[in-house]
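The values are calculated or read from the model by the stated rules, or taken from the named source; none is laboratory data. Quantities reported herein were computed from a predicted structural model and do not represent experimental measurements. Please note: Cβ atoms are built from the backbone with ideal geometry, for glycine as well, and neighbour counts cover all protein chains shown. Only protein heavy atoms, including side chains, enter the accessible area calculation; ligands, DNA and RNA are left aside. Shrake-Rupley method; radii C 1.70, N 1.55, O 1.52, S 1.80 Å.
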Amino acid sequence: MGKIIAGINMTLDGVCDHTKVDPDAQVHKHYEELLRQTDAILYGRITYQLMEFWKSLLESPSGNQSLDDFAVAIDGIPKIVFSRTLHDVDWKSAALAKRNLEEETRTLAEQPGKRILVGSRSLIIDLLRLNLIDEFQLMIHPVIAGEGMKLFENIRDRKLLKLTQVKVFDSGAVLHYYEPVKEPGDK
């Protein structure tokens, strides 16, 4: 069985916006290693289009080892993109989802494998509501954004999580690992 992991960067005040955080080489290395242990990553259209930035570093490396290594890792992982507006994707390791999010995720989770990473805020919220996330990896950066889209702002039901691990980075970023706790009434 595959493990569904919701992994995302956010600020102290819960904002998920890549322009508000400044990941260092150590953070990039962590995500490079995570990607190498992952069978697929799920993206919504917006996040997928933001991640296409990494293709440019494959064609013209930056000279920054951690960025260039991450670009190679992200290029190699299969990406499944959920979109109502995209009709095709031009990244060779990406494909549009053929089923809805629940069906696609359940099918992937039933296959033997390592991990399925969920890298988009909207998909994390939808999969949380469906009780399909096995682990959260929330990278909290030492920044207060003050405004922006918060990861859990649209969650109205109580969701209990158990902290299983913490990893502190030299930059002050802290990675929190959580597992959802099943409560009465959860599917």
Original post:
Taking the Cα centre of each part, how many Å lie between the stretch 170-184 and the stretch 20-83?
Top reply: 21
Subject >> Computed magnitude of the charge dipole of the stretch 1-49 (debye, nearest 20; Cβ of K, R +1, Cβ of D, E -1) >> reply: 200
Original post:
Going highest first, how would you order 89-96, 45-52 by mean Cβ packing within 10 Å?
Top reply: 45-52, 89-96
Subject >> Alpha-carbon Rg/Rh ratio, for the stretch 113-187, with Rh computed the Kirkwood way >> reply: 0.97
Original post:
When you take every Cα atom in the stretch 1-51, what is the radius of gyration, and what is Dmax, the widest Cα pair distance, in Å?
Top reply: 12.2, 35
**OP:** Percent of Cα-Cα pairs per 5 Å bin, from 0 to the last occupied bin, for the stretch 3-105, please list those.
**Re:** 2, 11, 20, 24, 22, 13, 6, 1, 0
Subject >> Among Val168, Val118, Ile77 the positive-end extreme of the charge dipole of the chain (Cβ point charges) >> reply: Val118
Subject >> R0 of 25 Å, Cβ-Cβ distance Leu163-Phe53: FRET efficiency to nearest 0.05 >> reply: 0.20
Original post:
In whole percent, how big is the carbon plus sulfur part of the accessible area of the chain, probe 1.4 Å, protein atoms only?
Top reply: 51
Subject >> Ala95/His176 FRET efficiency (R0 35 Å; Cβ-Cβ; nearest 0.05) >> reply: 0.70
Subject >> Within the stretch 145-171: backbone nitrogen closer than 16 Å to the Asp24 label point (7 Å, Cα to C-beta) >> reply: 167-171
Subject >> Projected label distance in nm at Gln37 and Thr85, using a 7 Å step from Cα toward the beta-carbon >> reply: 3.6
Subject >> Karplus 3J(HN,Hα) series, Hz, for the stretch 162-171 with 6.51 cos²θ - 1.76 cosθ + 1.60 (x for Gly, Pro) >> reply: 10, 6, 10, 6, 9, 10, 9, 9, 4, 6
**OP:** Over the chain, give the accessible area per residue in Å² for a 1.4 Å probe, as an integer.
**Re:** 55
Subject >> Size of charge dipole - the chain - debye, nearest 20, with Cβ of Lys, Arg +1 and Asp, Glu -1, no other charges >> reply: 580
